[in-house]
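The values are calculated or read from the model by the stated rules, or taken from the named source; none is laboratory data. Quantities reported herein were computed from a predicted structural model and do not represent experimental measurements. Please note: Cβ atoms are built from the backbone with ideal geometry, for glycine as well, and neighbour counts cover all protein chains shown.
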Amino acid sequence: MNIFRLAGDMTHLMSVLVLLLKIHTIKSCAGISLKTQELYALVFATRYLDIFTDFISVYNTIMKLIFLGSSFSIVWYMRRHKLVRRSYDKEQDTFRHFFLVLPCLLLALVMNEKFTFKEVMWAFSLYLEAVAILPQLVLLQRTKNIDNLTGQYVFLLGAYRAFYIFNWIYRYFTEPHYVHWITWISGLVQTLLYADFFYYYFNSWKNNVKLHLPA
Amino acid sequence: EEKETTHDEL
């Protein structure tokens, strides 16, 4: 474990907590894409298949349970909770996430570290995580008013993967044979997808104006 | 036999 990875995990945890806080306290999910939340639930479900078979550490297991629990409960809130679901913007959140899942699955079948169920699912979860934010970014472009919590949520979500890139660089130089091209490339693509959001987020923060993304 | 890679990252 290195400081970059810990910072990445904590940032990722904060992004989930910010979202849960928003949904649980103000009982609203305005501006949040259910499609992205469902994709994240699928990412964690396919990535943590080994949660009960391969024990890495207490930290690893607890974090996996938190990410699984929070992502599924957010989907539950947005689908089932009578108050929260009312604030869900169904008309605007129209990204057909099936068109993200299928290519990721096909790519995982072709490009994986080992053609076993677990490894294909691992590769699938990495490719899917890289593109899972797209429905959310599309929704942000459409709904002009981005409230602070949603902006912070997306920002933290992007920052966590950026920290992970530093973690991979660090591990590459400090651990022999630490080479995971699939993880590195999908992590890089994922972070690049946030690039323009970061640009507008920093500008709005610097000029102290409300965050809005150009059409 | 080739060791199964355990992915230790979240």
### Query
Taking the stated definitions as given, is A:Leu39 modelled with pLDDT under 95 and either over 14 Å from B:Glu9 (Cα atoms) or outside any helix (DSSP H, G or I) (or both)?
no
#### Entry: Flag for A:Arg47 being surrounded by 15 or more Cβ atoms within 10 Å (Cβ to Cβ) and closer than 25 Å to A:Val101 by Cα
yes
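Quick grid of which residues meet (1) crowded, with 21+ Cβ neighbours inside 10 Å; (2) modelled with pLDDT of 95 or more; (3) within 14 Å of chain B (Cβ to nearest Cβ); (4) on the phi < 0 side of the Ramachandran plot:
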| site | (1), (2), (3), (4) |
| --- | --- |
| A:Leu128 | yes, yes, no, yes |
| A:Gln136 | yes, yes, no, yes |
| A:Arg142 | no, no, no, yes |
| A:Asp147 | no, no, no, yes |
| A:Val179 | no, no, yes, yes |
| A:Tyr200 | no, no, no, yes |
## Note on the structure
Of those in the stretch A:128-149 that are outside any loop (DSSP other than H, G, I, E, B) and of a type in the set (Val, Ile, Thr), the residue nearest to A:Leu34 (Cα to Cα) is A:Val138
### Message
Looking at A:Ala45, A:Ala30, A:Ala41, can you tell me which residue is within 22 Å of B:Thr5 (Cα to Cα) and small (Gly, Ala, Ser)?
### Response
A:Ala45
## Note on the structure
Looking across the stretch A:75-124 at residues that are of a type in the set (Asp, Glu) and either surrounded by fewer than 16 Cβ atoms within 10 Å (Cβ to Cβ) or in contact (Cβ under 8 Å) with a residue 60 or more places away in the chain (or both), the single one that is nearest to A:Leu139 (Cα to Cα) is A:Asp93
### Message
Restricting to the stretch A:70-121, count the residues that are over 30 Å from B:Thr6 (Cα atoms) and either in a helix (DSSP H, G or I) or not basic (Lys, Arg) (or both).
### Response
19
## Note on the structure
Restricted to the stretch A:149-177 and to residues being more than 13 Å from the chain's Cα centre (by Cα) and among the aliphatic types (A, V, I, L, M), the residue modelled with the lowest pLDDT is A:Leu149
### Message
I'd like the full set of residues that are within 13 Å of another protein chain (Cβ to nearest Cβ), among the charged types (D, E, K, R) and surrounded by fewer than 21 Cβ atoms within 10 Å (Cβ to Cβ), limited to the stretch A:1-44.
### Response
A:Arg5
### Query
In this structure, is A:Asn167 surrounded by 15 or more Cβ atoms within 10 Å (Cβ to Cβ), in a loop (DSSP other than H, G, I, E, B) and within 14 Å of another protein chain (Cβ to nearest Cβ)?
no
### Summary
Considering residues that are over 24 Å from A:Met121 (Cβ atoms) and surrounded by 15 or more Cβ atoms within 10 Å (Cβ to Cβ), the number found within the stretch A:181-195 is 1
